[in-house]
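First up is the structure itself, then whatever we jot down about it.
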Amino acid sequence: MSPALASALTLVAAAEEEFDPNDVTPGVVGFIATILIMAAVLLLVIDMVRRIRRVNYRAEARERIAAEEAAAAEDAAGGDTPVEDADASQADAPASDAPPAERDER
């Protein structure tokens with residue numbers, strides 16, 4: 001065996017004996033950092049869900065207003081709707097008039 005290889009093996013063996021597993025663990029600081037990152041992600045997800053719901057509710061409100069304006073314009077123009085169409089529009093009305101808190105969000 002060459003002298004360089006023997007000295008390298010000696011250094012590796014010495015390094016393995018001096019290894020302390022507590023020196024390479026994240027410890028309390030790593031635990032606290034992980035908890036803080038988890039809390040930040042949770043708050044961001046809650047905010048994102050709130051914003052998405054707000055956008056969806058605004059779109060529903062715009063659709064409802066547009067439908068009401070179209071119905072009002074049709075009534076003002078003197079267009080009588082057939083009985084079947086009036087019943088169909090009234091059947092849909094209770095579901096769309098429910099406040100957002102009472103709707104099932106799935």
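Short version: ³J(HN,Hα) in whole Hz for each residue of segment 44-60, in order, from phi by Karplus 6.51 cos²θ - 1.76 cosθ + 1.60 (θ = phi - 60°), x for Gly and Pro, what are they?
5, 5, 4, 5, 5, 4, 4, 5, 5, 4, 4, 5, 5, 5, 5, 5, 5
For Ser2 and Asn22, what does the FRET efficiency come to when R0 = 35 Å and r is the distance between their Cβ atoms, rounded to the nearest 0.05?
The formula returns an efficiency of 0.45 here.
Laboratory data are not the source of any read-out in this text; all were calculated from the coordinates shown. Everything numeric here is computed off the predicted structure, so don't read it as measured data. So basically every Cβ, Gly included, is an ideal-geometry build from the backbone, and we count neighbours across all protein chains shown.
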